[in-house]
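Student: What follows is a single structure, and I will ask about it in a moment.
Read the figures in this text as sums done on the coordinates, not as results from a lab. Every value quoted in this text rests on a predicted model; they were computed, and no experiment measured them. With ideal geometry, Cβ positions are generated from the backbone for all residues, glycine too; neighbour counts draw on all protein chains shown.
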Amino acid sequence: MLVQYTPLQEMALAIVPKMTALISLASMTYAAQLIIRCRRRLHRMYHRIFLGMAAHDIIRSLTFIAGTWAIPKSIDTGYFWNVGTETSCAVQAFLAELSMGVFMYLSALCIFSYLAVRHDFKEKIYKRFEKLAHFVCMVVPLVVSIAMVSSKFHGPDGKYLLDIVVEVGLTRRLFACETHFSLAISPTDRNPNSRFFQIFKYA
């Protein structure tokens, strides 16, 4: 069952993410410029991987700052500050999905830590890992973003499967345009590619 919110709650859920995202944006921008301005840091694998994560986190913060602004103003179901268009919704959904690379970079940092300790921080031994990490963390989110947005798996309609494993059909309200799988609708309206993207994204 879709949760219903009061106008005050709608306002809070539209404004609060913008405030927290501004803090995240400022923090990651500051961290990124510390790495970029220091040649010594740029020569270290850890900092280069972190820089990739920071770039994706900045994109993610920007999508949160945009929030409900990108939701089409034609939708009059209680969204606060929705002044966008179908195009702005698609762009926000694309960037939101692209920014999922931040979590892949976090995994890459964990693997890097393991390799660094195992090989006594001798980067020459595991230098190939960095190229693979950047390729996977950048290309995979990009491909998924293009595929999902082009397949119309985006929007603020609230049909977002909370638990893809048990498929109980629970839904939540979206307060931004993002990608999702419309599995809470009837089987006749379901996109035939939904199951494929569902497994691919959350594997």
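Student: Of all the Cα-Cα pairs you can form in the stretch 3-72, what percent are over 21 Å apart?
Tutor: Roughly 41 percent, rounded to a whole number.
Student: Where nothing but the Cβ of Lys and Arg (+1) and of Asp and Glu (-1) is charged, how large is the charge dipole of the stretch 7-152 around its Cα centre, in debye to the nearest 20? Walk me through the numbers before you get to the answer.
Tutor: Details: 16 positive and 8 negative charges, 209 e Å.
Roughly 1000 debye for the stretch 7-152.
Student: Can you give me the convex hull volume of the Cα atoms of the stretch 7-152, divided per residue and expressed in Å³?
Tutor: Working: hull volume 16.7 nm³, N = 146.
Considering the Cα atoms of the stretch 7-152, their hull volume per residue is 114 Å³.
Student: Can I ask one more? Rank Tyr79, Cys38, Val140 by how far each Cα sits towards the positive end of the charge dipole of the stretch 7-152 (+1 on Lys, Arg Cβ; -1 on Asp, Glu Cβ) and give me just the farthest.
Tutor: Among Tyr79, Cys38, Val140, the one farthest towards the positive end of the dipole of the stretch 7-152 is Cys38.
Student: Just order 11-17, 142-148, 121-127 by mean Cβ neighbour count inside 10 Å, highest at the front, would you? Intermediate results must be reported in sequence, preceding the final value.
Tutor: On the way: 11-17: 15.3, 142-148: 16.9, 121-127: 12.4.
Highest mean packing first, the order is 142-148, 11-17, 121-127.
Student: Take a quick pass over the stretch 7-152 and tell me how many lysine pairs come in under 29 angstrom between Cα atoms, counting only ones 8 or more apart or on separate chains.
Tutor: Details: Lys18/Lys73; Lys18/Lys152; Lys73/Lys152; Lys122/Lys131.
Lysine pairs meeting the criterion: 4.
Student: Placing unit charges on C-beta atoms (Lys and Arg positive, Asp and Glu negative, everything else neutral), compute the dipole magnitude of the stretch 1-78 about its Cα centre in debye, rounded to 20. Don't skip to the answer; put the middle values down first.
Tutor: Numbers: 9 positive and 3 negative charges, 161 e Å.
Dipole of the stretch 1-78, to the nearest 20 debye: 780 debye.
Student: Separate question: By how many nm would the segment from Thr20 to Arg128 lengthen if fully extended, with 0.36 nm per residue of separation less the alpha-carbon distance?
Tutor: Values: separation 108, 0.36 × 108 = 38.88 nm, distance 3.62 nm.
Full extension of this stretch gives 35.3 nm more.
Student: For a quick protection proxy, order the peptides 40-52, 22-34 by their average other-Cβ count within 10 Å, most packed first.
Tutor: Values: 40-52: 16.0, 22-34: 14.5.
Highest to lowest by the protection proxy: 40-52, 22-34.
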